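The values are calculated or read from the model by the stated rules, or taken from the named source; none is laboratory data. Because the structure is predicted, anything quoted here is derived from the model rather than measured. Glycine also receives a Cβ, built like all others from the backbone with ideal geometry; neighbour counts cover every protein chain displayed. Accessible surface is based on the protein model in full, side chains and every heavy atom, while ligands, DNA and RNA are left aside. Shrake-Rupley method; radii C 1.70, N 1.55, O 1.52, S 1.80 Å.
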Amino acid sequence: MNDAELDPEIAALLSNAQTSVEDEQVKEPAGAFSFRKGFSKKNVNITGEEPRQRTASIHEVDLSKTSFNPITKLTNDTSSQIYDDPKYYKVCLTGENASAQRVHQILSKYLTCTDPKDRAVYRQQIVTCYWELLRGMASKMADSNLPMPKRMLMRYGVILPSLFKPEQKDFFSKMIFKNEYAEPVLYVDEWFKEISTGKMTNSATDEKKQVKLSSMTAEQQMSAEQSRLMQLQSKNSGKLQSSENLLNIKENERAMIETELKGRIDSLCDHMPIMGLEPHKSAMTEVQRKLFSEITDLLHRLSKNDKELSKALNEFQEAKGTFDSVKNKIEANGGSEVIQADAEAIRTEFDTIRQMAKMTIGRRGNQFPIFTREFYHCTEKGTGTRENVIEVLRWVESIDPGVFHRIHKNMPNRIVPYVLLVPTYGDRGFCWEPFDRYNRVTSRGRIIIPMYPRDLKIAVLTAVADLRWQVAKEKASYYWMEEGLTGQYYQHVEQLKLKGDLKEFFIEDYILWMTKESEGVQRLDKDVRGIFWRNMPFPKERKEELRKRSLVYDELCKKDANREMSDGY
């Protein structure tokens with residue numbers, strides 16, 4: 001990168017700095033840019049607007065919802081002025097930890113270096129100090145007055161607007177900032193905000209050390225007790241939601257039976273007058289006599305429904321009583337608002353996210369953490385923005401309707417996982433938590449997706465396939481090698497004597513299933529196709545479409561019909 005392409009702010013700083021490549025001293029030389037003096041203490045929110053409140057909480061699982069809402073627009077119509085601010089870079093680094101100065105020094109050398117070997121060294125050094133910069137910023141994401149450049153740095157990895165191409169700058173300036181659709185798809189800054197305010201728990205991979213109650217201060221003890229109550233509430237909320245959902249189903253079933261029963265009785269009691277013998281009416285017709293058996297059957301169904309409804313009502317009352325009891329205790333302690341930002345929780349979550357970000361890239365991938373036109377090669381629809389990812393998830397669910405379903409008491413509950421969007425140049429998403437360990441019924445799992453992949457659809461599919469595998473494995477428990485989706489797939493791989501990671505085989509096959517087999521292009525082994533067809537069926541309309549294209553799919557549809565006539569699925 002030559003001086004003409006360099007940001008004027010950086011160029012001005014470099015012209016005054018007298019530091020050498022080897023100079024690692026903390027002391028700043030005369031004339032060099034000072035992080036203590038050069039940055040203003042006043043951090044102004046560039047947009048000047050207060051974030052609007054969402055109409056629905058992303059943490060509430062709506063079991064009545066069956067699909068994602070259509071995305072009406074992927075970007076705003078007008079551009080924001082965030083990246084036009086000449087002080088953008090300065091605002092990003094002001095008021096941060098010592099690594100901010102380190103980032104400035106190394107980034108300056110990296111952008112002006114012409115020697116490929118030295119450039120590679122600086123590039124590697126940036127990775128470590130940049131993540132340390134983010135570590136210090138993570139706890140600030142809950143601050144509503146945080147300057148937008150800092151938030152954009154955490155969200156998109158944009159530290160220097162001059163690293164944009166003009167068209168890229170225009171695209172990023174039009175990105176929708178708020179979560180307009182109230183879906184659990186979060187950027188990194190939003191993720192830390194939810195963690196720091198206690199609305200989300202730490203990832204399951206983070207086991208916090210237990211501290212003795214006697215060694216805590218009164219405030220810490222109160223916070224610990226409040227956290228314990230919040231965990232109990234989270235654990236019981238799954239049972240409450242599930243029992244209420246079952247109760248609603250049984251009530252709707254009773255209403256349908258009663259409506260049908262009333263109709264039959266009305267028909268039974270309707271008699272035609274006899275012409276010439278008024279007011280006498282005719283006896284029952286043959287059709288009316290047949291209603292006796294139908295009414296008897298409806299009464300049996302109503303009796304069975306009443307028993308099931310009574311049981312569901314008792315379970316709901318019990319769950320609601322427990323939930324209200326815990327809720328009252330939380331309110332008695334001052335409400336959930338008393339939970340302050342837990343510095344330890346944020347630190348451990350940050351370490352988790354950093355590790356997850358590395359895993360989206362892989363060992364041989366590009367670990368460079370800063371957005372730059374040098375490495376960004378995505379199209380606008382291929383960039384992992386919230387709206388684009390939701391659109392891909394809608395497409396996934398249209399082909400695999402049960403992808404987010406979790407079975408509880410023979411009832412499928414649609415539960416969309418939390419989706420974390422990380423600004424990395426990775427190509428693979430994955431699942432690191434199929435559900436909350438305290439609430440296996442209705443809690444959201446957690447998947448991570450890189451924002452700048454070569455193929456966004458593949459990045460999402462790898463994450464969804466991982467979620468599919470882990471949920472099926474947890475469902476089968478100790479018998480995961482024998483039962484269900486994982487058991488059937490495991491036995492197939494064992495039969496072929498394939499060597500390697502079983503889950504990786506499944507993910508690759510799932511990608512083929514979604515991208516090729518769903519279009520009628522046969523790429524899977526016959527046995528794998530049968531396993532997926534039974535355990536992850538396409539929608540009925542797509543099945544009918546596929547059976548017209550090939551005898552292979554027609555044969556699978558015939559097997560479906562035979563199973564339905566016998567015992568069903």
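The table for this structure:
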quantity	calculated
Per-region count, the stretch 74-93, residues within 32 Å of the chain's Cα centre (by Cα) and either open to solvent by 40 Å² or more (accessible area, probe 1.4 Å) or among the polar types (S, T, N, Q) (or both)	9
Counted residues, the stretch 94-123 - those being open to solvent by 20 Å² or more (accessible area, probe 1.4 Å), under 35 Å from the mean Cα position of the chain (by Cα) and free of Cβ contacts under 8 Å to residues at least 60 places away in the same chain	5
Set Glu494, Glu483: member being among the acidic types (Asp, Glu) and over 30 Å from Glu544 (Cβ atoms)	Glu494
Criterion: in a helix (DSSP H, G or I), open to solvent by less than 80 Å² (accessible area, probe 1.4 Å) and not β-branched (Val, Ile, Thr) - qualifying residue of Glu344, Glu349, Glu331, Glu318	Glu349
Residue within the stretch 127-150 that is part of a helix (DSSP H, G or I), aliphatic (A, V, I, L, M), at pLDDT below 95 and farther than 27 Å from Gly95 by Cβ present	no
Residue match in the stretch 262-284 (condition: open to solvent by 60 Å² or more (accessible area, probe 1.4 Å) and at positive phi)	yes
Helices (runs of 4 or more DSSP H) contained entirely in the stretch 436-551, each with at least 1 residues that are hydroxyl-bearing (Ser, Thr, Tyr), farther than 30 Å from Met175 by Cβ and at pLDDT 95 or above	484-496
Complete set of residues in the stretch 247-270 that are within 39 Å of the chain's Cα centre (by Cα) and of a type in the set (S, T, N, Q)	Asn248, Asn252
Verdict on Lys140 being closer than 30 Å to Ala345 by Cβ, open to solvent by 10 Å² or more (accessible area, probe 1.4 Å) and in contact with a helix residue (DSSP H, G or I) (Cβ under 8 Å, 6 or more places away or on another chain)	yes
Hits in the stretch 368-414 - residues which are assigned to a helix (DSSP H, G or I) and of a type in the set (Lys, Arg)	Arg386, Arg394
All positions within the stretch 400-423 that are of a type in the set (S, T, N, Q) and open to solvent by 10 Å² or more (accessible area, probe 1.4 Å)	Asn410
Every residue from the stretch 124-137 that is open to solvent by 40 Å² or more (accessible area, probe 1.4 Å) and under 20 Å from Ser196 (Cβ atoms)	Glu132, Arg135
In the stretch 552-569, residue nearest to Arg468 (Cα to Cα) [restricted to those that are open to solvent by less than 100 Å² (accessible area, probe 1.4 Å) and assigned to a loop (DSSP other than H, G, I, E, B)]	Gly568
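Listed here are the residues, each with its yes/no results for (1) aliphatic (A, V, I, L, M); (2) open to solvent by 40 Å² or more (accessible area, probe 1.4 Å).
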| residue | (1), (2) |
| --- | --- |
| Trp469 | no, no |
| Ala472 | yes, no |
| Tyr479 | no, yes |
| Gly487 | no, no |
| Ile511 | yes, no |
| Ser518 | no, no |
